[in-house]
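Here's the structure we're looking at; comments come further down.
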Amino acid sequence: MTFESMSKHGQGPHLLGRFPTGRVEEFIHARTLSATDLRDAGISTLIATKLREFHDLHMPGPKYVMLWNRLRNWLSASKWLCSLNEVKAFKLDAIEMEISRLEKELSKENQSIGFCHNDLQYGNIMMDEETRVVTIIDYEYSCYNPIAFDLANHFCEMAAQIIIQTPHVLDYDKYPGLKERKIFVRAYLNSSVFKDMNMKHKNDAKNRALQNIIFSMLQNDDERKAKRALVVLCDLHHRRVWFDERTANAISTACFHSSSRHITRE
């Protein structure tokens, strides 16, 4: 259900069809990121922008925080699977007390709740090298949680290496410094320009000004810039941010660009 809803929102691979034992997904022309990519300021900014978009999704299912119950369920499963000596060695009883303490200290009235990925490590992020479009994949842990948790978890994932024999062991020397975290959070907060501009009432003047800039880029002789403009425009149209006749006409016109490679997607 999550994958189908994500597809309807224009996120991730498009769902092309279902059959009794599986589904058919769109092939994404992109590469999976590496641990090094997460430290690139430009790529980090793109991830932050996409994550803000992810958090703002309206998804089916319970809208309450699921973090604490999920932690307790995993802890219970661990205790059931471990021997008494292992429970003592891993200090699982102490973890139970830590969960309760953290829940009490971090559950504030004004915290922002959103649809969180909860596993935003580099293996779950893809990027088109040509258009620089970022796609977040794999939603098996996704649910509603405090968005601050999702941000913090992403930073912790920078200290992990998922392709080694001990992916659960974090190297906190690789945890992002204050400068890196500021770049990410600033990009996250600044990425809401389109949403905030239209949240209470549509600002036609600002929308038209921004549309004019992107529309002009569609006919740019630089194929890379023109293609990037088309991808952005298609994305905004697909998410019904600019779901008007003017935008639809601009996308149609772009299909007649002098470069046949300009046509990227529906």
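The values are calculated or read from the model by the stated rules, or taken from the named source; none is laboratory data. Only a predicted model underlies this, so the values are computations on that prediction, with no experimental measurement involved. Here Cβ is always computed from backbone atoms with ideal geometry, including for glycine, and neighbour counts include all displayed protein chains.
The table below gives the values:
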| read-out | value |
| --- | --- |
| Positions within segment 146-168 being polar (S, T, N, Q), over 14 Å from the mean Cα position of the chain (by Cα) and surrounded by 15 or more Cβ atoms within 10 Å (Cβ to Cβ), in sequence order | 161 |
| Within segment 42-97, considering residues that are closer than 30 Å to residue 182 by Cβ and of a type in the set (Gly, Ala, Ser), the one surrounded by the most Cβ atoms within 10 Å (Cβ to Cβ) | 48 |
| Boolean, residue 156 is assigned by TED's automatic domain parsing to the domain that holds residue 186 and either in contact with a strand residue (DSSP E or B) (Cβ under 6 Å, 6 or more places away or on another chain) or over 17 Å from residue 44 (Cβ atoms) (or both) | no |
| In segment 178-218, residue modelled with the lowest pLDDT [restricted to those that are surrounded by fewer than 16 Cβ atoms within 10 Å (Cβ to Cβ) and not in a helix (DSSP H, G or I)] | 200 |
| Looking only at segment 25-46, and only at residues there that are acidic (Asp, Glu) and either in a helix (DSSP H, G or I) or touching a Phe, Trp or Tyr at 6+ places or on another chain (Cβ under 9 Å) (or both), the one that is farthest from residue 175 (Cα to Cα) | 25 |
| Members of segment 125-134 found to be surrounded by fewer than 19 Cβ atoms within 10 Å (Cβ to Cβ) and at pLDDT 95 or above, listed by number | none |
| Restricting segment 19-56 to residues that are of a type in the set (A, V, I, L, M) and within 18 Å of residue 2 (Cβ to Cβ), the residue that is farthest from the chain's Cα centre (by Cα) | 24 |
| Residues (surrounded by 17 or more Cβ atoms within 10 Å (Cβ to Cβ) and without any contact (Cβ under 8 Å) to a residue 12 or more places away in the chain) located in segment 1-15 | 7 |
| Sole exception among (1) under 16 Å from residue 135 (Cα atoms); (2) surrounded by fewer than 16 Cβ atoms within 10 Å (Cβ to Cβ); (3) among the basic types (Lys, Arg) for residue 18, by number | (1) |
